[in-house]
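The values are calculated or read from the model by the stated rules, or taken from the named source; none is laboratory data. The structure displayed is predicted, hence computed values, not measured ones. Cβ coordinates were reconstructed from backbone atoms using ideal geometry, including for glycine residues, and neighbour counts include every protein chain displayed.
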Amino acid sequence: MEQARFAFFEGKVVPFADAKVSVATHAFNYGTAVFGGIRGYWNEEQKKLFVFRAWDHFHRFLSSAKMMCMESTYDEESLIELTLELLRTEGYQRDVYIRPMYYKADMGIGVKLHDLKDELTIWTMPYEKYVSNDTNAHVTISSWRRVDDNTIPARGKISGAYAGAAAMKTDANRAGFDEALVMDKNGHVSEGSAMNVFMVRDGVVVTPPITDSILEGITRRSAIELIKNELGLPVVERSIDRTEVYICEEFFMTGTAAQVTAVTKVDHRLIGKGVMGPVTTKLRDMFEDVVRARNKKYAHWNMAV
Ligand code: PMP
């Protein structure tokens, strides 16, 4: 990993090497942390870095914190300010990833959420592609299940839940696939390991509803708006069955890291003609313009650093 030079840690910006926690830290022992994953995109023409949908990301971050009984002393605006300050200090002139995290910072033994100190940290890093095969990914249906909302809050980004996501990803990669598709407790298609999913079936774009144990993705929300408003296609939020993936025309995954990733094969079955389809292609192009602040209509999603 290309390292950051600074981090926000225990109330101030410190050299990255000083942002350290103890082995006895509650969050390290029990996964009791919540995090965000945000991207900053470099605009070469304007020579400026833009953070994508910062407010929405921090709003979800604070919701995740609330689910874990954390009482934040920061609001969306102050978290944005801290992030911008950190990015200015780093002085990046390239794409970056931003990782805010709230964690149970007390040391010692004891499984609980209450009466523990919460700390905020934010760090950043240069970042480019996440899924290397993002124009023709081959995915497998995972034997793991997506975490259920009654097990670990599914609509929060809770660190502990990512042990399951990591297992999905590793098993898929080791079996030769690019990504995993994971089912919810009812056997409906829920997500990828860290991305939301969409299919195009009979000309309609379909994505699982927020009650099928998905993370309420910000890229998902952006994609829904772009597909409806710019491509003029209907988007339906409903449960997706496994075999619908086999017979749909197009399938793609969305996420801050994954952006818009085309899936062209599932468990050795071709999706559509086995190449990236027109809806995915158009959405990818549009998304790239939007995140890099080249589309004025969506400029409210771009925050200049
Ligand atoms: N699902 C999971 C489990 C994730 O970790 C992510 C990445 N944050 C997503 C979906 C996509 O969400 P977003 O578009 O907000 O990055």
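The table that follows gives values for the structure above.
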quantity	calculated
Residue match in region 244-259 (condition: in a helix (DSSP H, G or I), in contact (Cβ under 8 Å) with a residue 40 or more places away in the chain and within 16 Å of residue 137 (Cα to Cα))	yes
Filter result for residue 116 (under 20 Å from residue 46 (Cβ atoms) and not hydroxyl-bearing (Ser, Thr, Tyr))	no
Strands (runs of 3 or more DSSP E) lying entirely in region 1-74 (those with 2 or more residues that are of a type in the set (Phe, Trp, Tyr))	6-9, 38-43, 48-52
Filtered residues of region 123-145 (kept if in contact with a Gly (Cβ under 8 Å, 6 or more places away or on another chain) and under 14 Å from residue 195 (Cα atoms))	130, 139
Which listed residue, of 206, 236, is assigned to a strand (DSSP E or B), of a type outside the set (Asp, Glu), in the same structural domain as residue 153 (by TED's automatic domain parsing) and surrounded by fewer than 18 Cβ atoms within 10 Å (Cβ to Cβ)	236
Scope region 290-305; condition part of a helix (DSSP H, G or I) and surrounded by fewer than 19 Cβ atoms within 10 Å (Cβ to Cβ); matching residues	296, 297, 299, 300
Strands (runs of 3 or more DSSP E) completely within region 90-145 that count 1 or more residues being within 19 Å of residue 7 (Cα to Cα)	96-104, 118-126
Number of positions in region 183-211 that are more than 14 Å from residue 244 (Cα to Cα) and more than 9 Å from the ligand (Cβ to nearest atom)	6
Scope region 157-202; condition of a type in the set (Gly, Ala, Ser) and more than 23 Å from residue 36 (Cβ to Cβ); matching residues	172, 175, 176, 187
Options 172, 161, 154; residue that is of a type in the set (Gly, Ala, Ser) and either in contact with a strand residue (DSSP E or B) (Cβ under 8 Å, 6 or more places away or on another chain) or more than 11 Å from the ligand (Cβ to nearest atom) (or both)	172
Test result for residue 222, of a type in the set (Gly, Ala, Ser), farther than 23 Å from residue 288 by Cβ and either in contact (Cβ under 8 Å) with a residue 12 or more places away in the chain or more than 9 Å from the ligand (Cβ to nearest atom) (or both)	no
